Every structure is written in structure tokens, then in C-alpha cells.
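K.L.:
The structure under discussion is supplied below as C-alpha cells; questions concerning it will follow.
Rule-based calculations on the coordinates, nothing more; no lab input. What you see is a predicted model, and the numbers here were worked out from it, not measured in a lab. Quick reminder, even Gly has a Cβ in these numbers, built from the backbone with ideal geometry, and neighbours come from all protein chains shown.
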Amino acid sequence: MKLDKSRLELFVTPEQAARQLGVDLDSIYQLADEGKLRAAVMTDGGVGISQLSVNEVLPKEALPEYQVNAGLQGVPISINEAGRKYKLNTSTLTRWMQRGLIRQLGKDGRKTLLDEADVAYCAGVYRQNSGQGKWAFDDAGRPYKR
């Protein structure tokens, strides 16, 4: 019998999940009770928390895809400049801002200033998941899983 490793799921301890999410153990057990985290009893009798379900609860800023450009967080960039730099349509950037995927940092005259880390993150996710009629982001701004 051949083992299909792509179907194996990694489990972490509740303590590891709590550290990743920045919450206490009671919150981890509550999230598991609510079905937001998948838990399983391990062979040693302990509890394991699905790493995939932890990733689904993490805010986008904690994702590796976001961390690549975290140094740009708080750096203002205008919609037009972001469009040129990241080769995106300004209407797409505006739509992402309106959905809350990209934070608006303020205005400079008539220019709307965006958070460049959010722009870079969204551009990267969009390029990975692009295609007409395909969703790039889930409701929380994380990459959409098909």
C-alpha cells in the first residue's frame, strides 16, 4: 500500500496553536468547540489541532505571503503609483480598498494613499490565483482556497 503524503495533515499541540494565534489555551479549546479549529485525539492520548485550521483563523498579516512585504507596512503609496509599480488596474485597487483588503492611510490632496504592504500582498496573491472569474481572496483577505 502506497502512502499518499499529500493527504496527510499536520497537527500541532494546543499550546503551539495558542502561540501562533496569540491567544490563551481556553480560547483554543473554545475555537475547537465552535468548530473553527479542527482537533483530533492523538495516539498518545493528547489533543492535536489541525495546522490548516489554525492557518484559516490567522489574520492575513500573519501569513507568510504577507510577511514577505511586512517592511512596507505603513508606507503610503497613491493608487496611481501602486497601479504602475505593481502593474494593476487602479479600479482593481480601488475595489480592494473598498472591500477592506487594502488599508487607506489617508489623503494627499486628491490622492488616496494606500498601505503599500497591503498592495504588495494583494498583488502577489492576485498573480498566483489570477484568471478571469476566479476568486483571489476569501472574506478575511486571505488567499482563496479552491
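K.L.:
Given that compact globular proteins tend to follow 2.2 N^0.38 Å, what is the ratio of the alpha-carbon Rg of the range 64-128 to that value? Don't jump to the answer; show the numbers that get you there.
P.N.:
Working: Rg = 10.6 Å, N = 65, 2.2 N^0.38 = 10.7 Å.
Dividing the Cα radius of gyration by 2.2 N^0.38 Å gives 0.99.
K.L.:
List every residue whose amide H lies under 5 Å from the amide H of Gln73, counting only residues 5 or more places away in sequence or on a different chain, with H placed 1.01 Å from N in the peptide plane.
P.N.:
Ala117
K.L.:
Over the range 76-146, calculate the relative contact order: mean separation of alpha carbon pairs under 8 Å at least 6 apart, over the residue count, as a percent. Write out the running numbers ahead of the final one.
P.N.:
Values: 76 pairs, mean separation 18.5, N = 71.
Rounded, it is 26 percent for the range 76-146.
K.L.:
Additional query: Where in the chain is the longest stretch that carries no GluC sites (Glu not before Pro) classed as loop by DSSP and with at most 14 other Cβ atoms within 10 Å?
P.N.:
Details: sites that count: Glu9, Glu34.
It runs 35-146.
K.L.:
Calculate, in nm to one decimal, what Val75 and Arg103 gain on full extension: separation in residues at 0.36 nm each, minus their alpha carbon distance.
P.N.:
Working: separation 28, 0.36 × 28 = 10.08 nm, distance 1.08 nm.
Using 0.36 nm per residue and subtracting the Cα-Cα distance, I get 9.0 nm.
K.L.:
Number of Lys pairs in the range 21-146 with C-alpha atoms less than 24 angstrom apart, excluding same-chain neighbours closer than eight positions?
P.N.:
The number of close lysine pairs in the range 21-146 is 14.
K.L.:
What order do you get for Asp108, Asp44 when you list them from fewest to most C-beta neighbours inside 10 Å?
P.N.:
Numbers: Asp108 10, Asp44 6.
Placing the least packed residue first, the sequence is Asp44, Asp108.
K.L.:
Separate question: Rounded, prolate or oblate, given the Cα gyration tensor of the chain, with a/c below 1.5 counting as rounded?
P.N.:
Details: a/c = 3.03, a/b = 1.99, b/c = 1.52.
Prolate, since a/c reaches 1.5 and a/b exceeds b/c.
K.L.:
Amide H to amide H, which residues 5 or more places from Leu114 or on other chains are under 5 Å from it, using H placed in the peptide plane?
P.N.:
Those qualifying (amide H under 5 Å, at least 5 residues apart or on another chain) are Ile77, Ser78, Ile79, Leu105.
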